[in-house]
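Structure record follows, encoded as structure tokens.
The values are calculated or read from the model by the stated rules, or taken from the named source; none is laboratory data. Fair warning: this is a prediction, and the values are worked out from it, not measured in the lab. Note that we place each Cβ from the backbone using ideal geometry, even for glycine, and neighbour counts take in every protein chain shown. These area figures cover heavy atoms from the full protein model, side chains too; ligands, DNA and RNA do not enter into them. Shrake-Rupley method; radii C 1.70, N 1.55, O 1.52, S 1.80 Å.
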Amino acid sequence: EDQVTQSPEALRLQEGESSSLNCSYTVSGLRGLFWYRQDPGKGPEFLFTLYSAGEEKEKERLKATLTKKESFLHITAPKPEDSATYLCAVQAPQAGTALIFGKGTTLSVSS
Amino acid sequence: DGGITQSPKYLFRKEGQNVTLSCEQNLNHDAMYWYRQDPGQGLRLIYYSQIVNDFQKGDIAEGYSVSREKKESFPLTVTSAQKNPTAFYLCASLKDSGANVLTFGAGSRLTVL
């Protein structure tokens, strides 16, 4: 069964304290791994897509990397406005074009 | 600006009542999806539709129904058969070519009284 597991469930950081979020997956025939950001009471907002092991993408303080079994979302020198829930998802053949999501990591950054 | 509009934003329902959540997109996207989100849970797929007049069940379709009569619209009906309907419902769409990035609406929060 295709699965996505995110850790930790919650993460508290001080402003400027860099860290990483983990997304491990078991998928037969990965078509893509996606990272989204979700603010409370809102829909997820797309951040990155990664397709193959070794691929990396960056956007401001965020950097996503991909291996054959997991992905990391690195947050460098976070600011309070980075506080949100970060969702990882994979696209797998048996679900058509739908995404399979992990439960998310809720990040809180305090000043 | 193109996007996905979900309505209503908040909805209260009495037990035993059916309710319909609206999802409209003007992105000219081919595929549309409904997800359910509960506190501390990830998004779970309810139904999806790749083309007009066709749709497939997701992981938690029981107690829900959908229709896809127009490319722009994909309404979700939460029926009285859904045992625990209180949740945050998210609609998404996808252009069935290119980057395969799902675009989400702002969500509808359903509360059963």
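All Cα-Cα separations within the range A:1-43 were binned at 5 Å from zero, giving a P(r) of 5, 14, 21, 22, 19, 13, 5, 2, each value a whole percent of the pairs. With all protein chains kept in place, the per residue accessible area of chain A amounts to 48 square angstrom at a probe of 1.4 angstrom. Among A:Lys57/A:Lys79; B:Lys9/B:Lys57; A:Lys103/B:Lys71; A:Lys57/B:Lys95, which pairs are too far apart, with a Cα-Cα distance over 26 Å? From A:Lys57/A:Lys79; B:Lys9/B:Lys57; A:Lys103/B:Lys71; A:Lys57/B:Lys95, over 26 Å: A:Lys103/B:Lys71.
Value of Rg to Rh for chain A, rounded to two decimals, is 0.96; Kirkwood radius and Rg both from alpha-carbon coordinates.
Share of the range B:42-113's accessible area from carbon and sulfur, percent, 1.4 Å? Don't jump to the answer; show the numbers that get you there.
Details: 1550 of 3210 Å².
Whole-percent figure for carbon plus sulfur exposure: 48.
All C-alpha pair distances within the range A:46-111, sorted into 10 Å bins from zero, spread as 19, 48, 27, 6, 0 percent across the bins.
Taking all protein chains into account, the per residue accessible area for chain B stands at 49 Å² (1.4 Å probe).
A Förster radius of 35 Å combined with the Cβ-Cβ distance from A:Ala53 to A:Glu9 puts the calculated FRET efficiency at roughly 0.85.
Annotation for the range A:22-66: chymotrypsin sites (Phe, Trp or Tyr not before Pro) lying in DSSP loop with at most 14 further Cβ atoms inside 10 Å of their Cβ are A:Tyr51. Taken one residue at a time, the phi angles of the range A:28-33 give Karplus couplings (6.51, -1.76, 1.60, θ = phi - 60°) of 8, x, 4, 9, x, 10 Hz. Gly and Pro are set to x.
Length, then width, then depth: along the principal axes, the Cα atoms of chain B run 42, 25, 23 Å.
Surface composition of chain A: carbon and sulfur atoms hold 47% of the protein heavy-atom accessible area at a 1.4 Å probe. Karplus-derived 3J(HN,Hα) values for the range B:9-26, using 6.51 cos²θ - 1.76 cosθ + 1.60 with θ = phi - 60°, are 6, 10, 8, 10, 9, 8, 4, x, 9, 8, 9, 10, 9, 9, 9, 10, 10, 10 Hz; glycine and proline are entered as x.
Go through the range B:45-113 and name the GluC sites (Glu not before Pro) that are in a DSSP coil and have 12 or fewer other Cβ atoms within 10 Å of their Cβ.
B:Glu62, B:Glu69
Rg/Rh for the protein assembly as shown to two decimals, with Rh computed the Kirkwood way over all alpha-carbon pairs.
Details: Rg = 17.5 Å, Rh = 18.0 Å.
Value, to two decimals: 0.97.
With contacts taken as Cα pairs under 8 Å and at least 6 residues apart, the range A:1-94 reaches a relative contact order of 36 percent. Comparing the full protein assembly with the isolated chain, the residues of the range A:41-82 losing at least 10 square angstrom of accessible surface (1.4 Å probe) are A:Gly41, A:Lys42, A:Gly43, A:Pro44, A:Phe46, A:Tyr51.
Summed over both chains, the contact between B and A buries some 1500 Å² of accessible surface at a probe radius of 1.4 Å. Contact residues in the range B:30-44 by the 10 Å² criterion (accessible area, 1.4 Å probe, full protein complex versus chain alone): B:Tyr33, B:Tyr35, B:Gln37, B:Gly40, B:Gln41, B:Gly42, B:Leu43.
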